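The values are calculated or read from the model by the stated rules, or taken from the named source; none is laboratory data. Because the structure is a prediction, the values reported are computed rather than measured. Glycine also receives a Cβ, built like all others from the backbone with ideal geometry; neighbour counts cover every protein chain displayed. Just the protein is used for accessible areas: all its heavy atoms, side chains included, with ligands, DNA and RNA removed. Shrake-Rupley method; radii C 1.70, N 1.55, O 1.52, S 1.80 Å.
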Amino acid sequence: MLSKSSYPSNVVSYKRSLPVRLAKVVLDLAHRVLPHGAYTFLYGSGRRILWVVQRLLLKMSLFSAVAVNKEKVGKLRLIDKLLPFTMGGPLALSATFDVVTIAEKDGIPGALVECGVGKGGCGAMMALVSKELGSKRILWLCDSYEGLPEPTEEDFRNGKAGEMIGPLSKGMLAHPMEQVSNLIFNECCLSKENVKIVKGWFQDTLPLVRKDIGAIAVLRLDGDWYESTKCCLENLYDGVSPRGFVIIDDYATCYGAERAVTEFMLNKRTEVALIPDGRGGVWFRKPASA
Ligand SMILES: C[S@@+](CC[C@H](N)C(=O)[O-])C[C@H]1O[C@@H](n2cnc3c(N)ncnc32)[C@H](O)[C@@H]1O
C-alpha cells in the first residue's frame, strides 16, 4: 500500500476558504473553553444565523440573475426550492447541480445514487437536473431513515469527530422515509418508476442492491462516519462508470469520511483530483482506466 506521504497531494490535502478557517478557529476555541451545553448552543445559534444569511443572499442573487443572467436562473430556482431540504446548504446543492449537468452533457452511463439522504434535498437535486436535461436515469436513495449509526474510533481525532460540525450521536439526523417520499414524489413530481428508496443500514442493504443498481454515473456519499463512507465505497465504487463522478459531502468536515476516502484510494492506487465544493465537500471523476 502507498504511504500517505507518497500519495499525490491532491488526494490528501484540502485548502479551506478564509471565512471557513476563521469560523474553525472560533469553534475550536469555543470547544476548548466552553462547557458542552454552551458550545452546543453557540454552534446551533451560528447555524441558524448562517441559514438566514444564506437564504437572503440566495434571494438576492436570484433577483439579480432574473435581470441579467437568464441561464443561472434555473439553477438558482432549484437551489432555492431545495435549500430547506438539505443540511449541505447552497454550495452542496450547487456542486450537485454542476456534477449532474456535466455527467448528462458527457453522456456518462448509469444511475444517480445518494447514500445518506437526510431530508432528500441533494438527492432531489440530482434527479431534477437530470430530468430537466431530458434524461430518465434511476435515482437510488439509500439511508437507514432512522438517523446515524454509532461512530467508531476511526472517526475521532483528539476527541472530536470533525470540523465545523456539531456533536453527533446515534439516531441523530433521522428523517423518516415518508418525509423523503413526500419531497420526491409530491413536491418534486418525480416518477415512481425512476426512484428507488432503499431503507436500512448501508452494511446490510448495499451488498444486496449493488447488482440492481448496476452502472453509476454519479455517486453521492453523505453518511458522515468512517464505516458508512468505507462501506459505500467498497460496495459501489467499482460500479461507477469510467469518467463518472463521486461526491464526498463530508470530506473536510468529518475526519472519518476523509480517512475512509484516503485509505480506499491508497488501496486502489488511484489518483484523483479532488474539487472542493467550497464548504467542506469534494467531488472527483473516476479515471477512465480505473
Ligand atoms: C448528513 S445526513 C445526510 C444529509 C443529506 N444528504 C442532505 O443533503 O441534507 C447523514 C445521513 O446518513 C445516514 N446514514 C449514515 N450512516 C448510515 C449507515 N451506515 N446506513 C444507513 N444510513 C446511514 C443517516 O441516516 C443520515 O440521514
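General remarks:
- Beta bridges by DSSP in the stretch 4-285, antiparallel share as percent, to the nearest 5: 30
- GNM result for the chain, Cα springs below 10 Å: residue of 23, 260, 161 fluctuating most strongly: 23
- Given 11 as the ceiling on other Cβ atoms within 10 Å, longest exposed-site-free region of the chain for trypsin sites (Lys or Arg not before Pro) in DSSP loops: 16-135
- Members of 170/192; 81/170; 131/196; 81/286; 230/286; 72/105 lying beyond 21 Å, as alpha-carbon distances in this model show: 170/192; 81/170; 81/286
- Global form of the stretch 63-136, assessed from the alpha-carbon gyration tensor, a/c cut-off 1.5: oblate
- Whether the stretch 181-279 is rounded, prolate or oblate, judged on the alpha carbon gyration tensor where a/c under 1.5 counts as rounded: prolate
- Taking every protein chain into account, the accessible area of the chain amounts to 49 square angstrom per residue (probe 1.4 Å).
- For the stretch 4-285, the mean projected area of the C-alpha convex hull, equal to one quarter of the hull surface, is 14.8 nm².
- In this Cβ point-charge picture (+1 for Lys and Arg, -1 for Asp and Glu), the stretch 4-285 has a dipole of about 860 debye about its Cα centre.
- Between residue 48 and residue 105, the contour length at 0.36 nm per residue exceeds the alpha carbon distance by 16.9 nm.
- Helical segments meeting 18 Å axial Cα length and Kyte-Doolittle -0.5 threshold in the chain (DSSP H): 18-33, 36-68, 89-105, 255-268
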